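S.K.: Please see the structure below; I have some questions.
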Amino acid sequence: MKSVLVIIPTYNEAENIKKIINEILKNTNANYLFNVLVVDDNSPDGTSAIVEEMKNENVYLIKREKKSGLGTAYVEGFKFAINKGYDFVFEMDADFSHDPKYLPEFLENIEKGYDLVVGSRYVNGISVINWPIRRLLLSYFANIYTRIVTGLKVHDTTAGFMCYRVDKLKQIELDNVKSNGYSFQIEMKFKFFKKGFKIIEIPILFIERRAGVSKMSKKVVFEAMIMVWKLKFRSMFKTL
């Protein structure tokens with residue numbers, strides 16, 4: 001049986017966290033044992049307390065003292081996965097915009113020899129529900145901009161629903177990951193791309209969160225726009 005860790009960074013996800021964990025764990029079968037790691041940034045709404053109350057041996061919790069961002073949360077989760085010897089690790093949001101029903105399809109593809117499987121909103125047209133047209137256009141053209149600047153051969157460069165092969169993740173210098181918000185997603189894909197690792201996109205339907213508040217902001221968008229140029233120049237001078 002292969003071991004799978006799903007990392008979920010949280011900040012004020014009390015309305016969603018128990019439901020999403022239970023849906024993820026339903027995917028355990030004879031071939032895969034699913035575990036969940038919640039990395040909570042001291043949510044005022046008591047998200048971490050809900051996770052603790054579940055008392056499930058397949059659910060782990062890292063409690064952080066303050067809101068420290070998406071990128072650092074995932075890096076902590078990746079190090080946890082490496083140290084515990086997991087085979088595969090997922091990035092996933094708590095808000096059901098990433099549907100747990102797709103998890104088996106990710107694993108089917110990674111078992112074909114891919115190193116990173118990306119759940120893509122843009123690989124087959126546009127597959128997004130409940131976004132205002134302004135946000136959709138911003139996301140779509142930001143991805144085109146990122147591909148042009150970096151040369152990254154991925155349609156959905158900012159996608160946050162992904163599955164990594166842990167033996168390849170070990171080869172990434174995680175302490176050198178510099179970005180935090182959604183630019184973190186670009187940086188990780190770019191590092192895999194520059195390593196020559198095999199990446200595949202699979203289509204998913206992205207549905208805007210059912211409950212809670214979106215973490216998107218102008219600051220996050222600006223960080224991503226700047227990060228693509230940093231990645232380009234670092235790769236030119238081989239400092240990735």
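All of the numbers you see were taken from the coordinates with simple rules; none came from a lab. Predicted model only: the values in this text are computed from it and were never measured. Cβ atoms come from the backbone with ideal geometry, glycine included; neighbour counts cover every protein chain shown.
S.K.: Quick one: length gained pulling Met1 to Asn22 fully straight, 0.36 nm per residue minus the C-alpha distance?
M.R.: 5.6 nm
S.K.: Divide by every residue of the chain the summed helix terms, -39500 (n - 2.57) for each DSSP H run of at least 4, and state the resulting mean residue ellipticity at 222 nm, rounded to the nearest 500 deg cm²/dmol. Intermediate values should be presented prior to the final figure.
M.R.: Values: 8 runs with 93 residues, N = 240.
Rounded to the nearest 500, it is -12000 deg cm²/dmol.
S.K.: Sticking with this one: Take every Cα pair under 8 Å in the chain that's 6+ residues apart, average their separations, divide by the length, and report that relative contact order as a whole percent.
M.R.: Relative contact order, the chain: 23 percent.
S.K.: Which value, in debye to the nearest 20, describes the size of the charge dipole of the chain about its Cα centre when Lys and Arg Cβ atoms bear +1, Asp and Glu Cβ atoms bear -1, and nothing else is charged?
M.R.: In debye, rounded to 20, the chain gives about 1000.
S.K.: Taking each pair of different alpha-carbon atoms in the stretch 1-46 once, compute 1/r for the pair, average those values, and report the inverse of that mean as the Kirkwood hydrodynamic radius in Å to one decimal.
M.R.: 11.4 Å
S.K.: I need the Debye-formula profile for the stretch 18-126: one equal scatterer per C-alpha, no solvent, reported as log10 I(q)/I(0) at q = 0.24 1/Å, two decimals.
M.R.: -1.66
S.K.: Something else about it: Give the Rg/Rh ratio for the chain, taking Rg as the radius of gyration of the Cα atoms and Rh as the Kirkwood radius, to two decimals.
M.R.: Rg/Rh for the chain comes to 0.93.
S.K.: So which of Lys67/Lys168; Lys79/Lys189; Lys153/Lys191 end up more than 19 Å apart, counting from Cα to Cα?
M.R.: Lys67/Lys168, as the Cα separations exceed 19 Å there.
S.K.: Something else now. Using a 7 Å offset from Cα along Cα-Cβ at Lys67, what residues in the stretch 43-61 end up with backbone N under 16 Å from the label point?
M.R.: 43-48
S.K.: Moving to a separate point now. So between Lys153 and Glu52, what do we pick up on full extension, going 0.36 nm a residue minus the alpha carbon distance?
M.R.: Between Lys153 and Glu52, full extension yields 32.3 nm more.
S.K.: Another question, then. Between Ile129 and Asp175, with labels modelled 7 Å along Cα→Cβ, what's the label distance in nm to one decimal, could you check?
M.R.: 4.5 nm
S.K.: Run the numbers for Lys195 and Asn83: contour at 0.36 nm per residue of separation, minus the present Cα-Cα distance, in nm.
M.R.: Length gained between Lys195 and Asn83: 38.1 nm.
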